[in-house]
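Let me begin by presenting the structure, written as structure tokens, before commenting on it.
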Amino acid sequence: RRPPRSTLFPYTTLFRSSLFEGSLDAIFFLDADEHVKAANPAALRLFTRTLEQLKTIPFLDLCVPNQREAVRNTFRAAFLRQGFAIDTAVVTASGERRDLFISGTPEISNGEVVGVSCIARDITQRIKTEEALRLSEARYRNLIQALPAAVYTTDERGCITLYNQAAVALWGREPEIGKDLWCGSWNIYRPDGTPLPLDECPMAATLREGRAIRDQEIVIERPDGTRRHVLPHPEPIYSAQGMVIGTINMLIDITDRKEAEKERARLLAE
């Protein structure tokens with residue numbers, strides 16, 4: 001006797017295939033009631049349940065509560081013959097959260113959508129790594145902002161990517177992220193007062209040569225015309241492969257020290 005059409009699921013060939021059984025990604029099939037009807041070994045390991053257990057649980061019940069509505073809407077779209085891709089998270093039998101990237105396509109039999117075939121990739125470690133990176137970047141930014149000295153960073157082209165308020169106070173202006181090159185000051189001069197081209201400043205040299213620059217005094221000019229004597233301390237930033245991907249620079253304002261030295265010299269000369 002031929003089974004009812006609604007129970008004929010077009011996954012049987014794939015279910016028996018070595019691709020299905022041996023895939024490192026979780027592959028599973030949902031019926032029209034959004035219950036798991038088949039799952040490969042990777043899916044069973046991911047959900048930490050047997051196939052018999054999965055068959056009794058609506059897939060939405062496996063998802064974390066705050067994402068169930070989004071998953072429900074995604075499945076509705078699949079039953080309207082639309083493929084989908086979604087980031088979501090499920091809870092395993094042991095209570096562990098697993099973040100997933102799920103792509104799916106509607107399964108059609110005799111012109112009707114009878115279920116959804118899904119491939120899920122466990123992205124938990126990627127999510128954790130990205131979150132750790134965000135926290136690390138936040139701490140890095142907070143540290144730079146807390147420093148009393150002027151500090152800023154650039155990318156490999158020399159475009160400013162980050163600066164603290166001490167740098168703004170020194171420059172007398174807010175640089176434009178991703179546009180201002182090498183330094184946020186209005187103009188730069190050599191100690192003798194002659195103009196110093198931006199592409200010859202210590203930060204540019206560090207990027208070009210891939211080395212720290214020390215003891216190269218410059219004079220920066222603010223928009224109001226005032227000038228400050230500065231000792232830059234640019235350092236290259238390297239990638240894991242050893243490529244220069246940017247720089248970090250600390251600017252030490254030595255104007256007061258220079259003026260004190262001039263005043264001392266004047267007094268000694270009298």
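Since every read-out is calculated from the coordinates, none of them should be taken as a lab result. Small disclaimer: the values here were computed from a predicted structure and weren't measured. Cβ: placed from backbone, ideal geometry, glycine included. Neighbour counts: every protein chain shown.
Only Lys, Arg, Asp and Glu count, each charged at its Cβ (+1, +1, -1, -1), so figure out the dipole size of the chain about its Cα centre, rounded to 20 debye. Display every interim value, and only then the final one.
Values: 35 positive and 37 negative charges, 222 e Å.
About 1060 debye.
For GLU217 and THR124 in the same chain, what is the full-extension length gain: residue separation times 0.36 nm, less their Cα-Cα distance, in nm? Please list the in-between numbers first.
Details: separation 93, 0.36 × 93 = 33.48 nm, distance 4.92 nm.
Here the answer is 28.6 nm.
Compute the acute angle (0 to 90°) between the alpha-carbon long axis of helix 124-146 and the principal axis of greatest extent of the alpha-carbon atoms of the chain; round to the nearest 10°.
Once rounded, one gets 20 degrees.
So if I average 1/r over every pair of distinct C-alpha atoms in region 65-197 and take the inverse, what Kirkwood radius in Å does that give?
After inverting the mean inverse Cα-Cα distance, the result is 19.8 Å.
Kindly express, to the nearest 10 degrees and within the range 0 to 90, the angle between helix 68-78's C-alpha long axis and the longest C-alpha principal axis of the chain.
60 degrees
With the Cα gyration tensor of region 164-212 in hand, give its eigenvalues times 5 under a square root as the equivalent ellipsoid semi-axes, listed largest first in whole angstrom. Intermediate values should be presented prior to the final figure.
Values: eigenvalues 69, 48, 19 Å².
After scaling each eigenvalue by five and taking roots: 19, 15, 10 Å.
Which FRET efficiency value, to the nearest 0.05, do you get for THR92 and GLU174 by plugging their Cβ-Cβ distance into 1/(1 + (r/R0)^6) with R0 = 51 Å? Each step should come with its number before you reach the end.
Details: r = 49 Å, r/R0 = 0.96.
Here the calculated transfer efficiency is 0.55.
So for region 202-251, averaging the separation of alpha carbon pairs under 8 Å that are six or more residues apart and normalising by length, what relative contact order in percent results? Don't skip to the end; give the middle numbers.
On the way: 87 pairs, mean separation 17.4, N = 50.
The value is 35 percent.
So which residue, out of ILE144, ILE123, ILE57, gets the largest mean-square fluctuation from a GNM of the chain using Cα contacts under 10 Å as springs?
It is ILE57.
Which residue, GLY95, GLY246, GLY178, has the most motion in a Gaussian network model of the chain that connects Cα atoms within less than 10 Å?
GLY95
Which of the following values of P(r) over Cα pairs in 5 Å bins from 0, in percent was calculated from the structure shown: (1) 1, 5, 9, 11, 12, 13, 12, 11, 9, 7, 5, 3, 1, 0, 0, 0, 0; (2) 1, 5, 10, 13, 15, 15, 12, 9, 7, 5, 3, 2, 1, 1, 0, 0, 0; (3) 1, 5, 9, 12, 11, 7, 5, 5, 6, 6, 7, 7, 6, 4, 3, 2, 1, 1, 1, 0, 0, 0, 0, 0?
Entry (3).
Between GLN67 and ARG266, what's the calculated FRET efficiency when r is the beta-carbon distance and R0 is 51 Å? Round to 0.05.
On the way: r = 73 Å, r/R0 = 1.43.
E(calc), rounded to 0.05, equals 0.10.
For region 189-270, taking Cα atoms only, what is the radius of gyration to one decimal and the Dmax to the nearest whole Å?
15.9, 59
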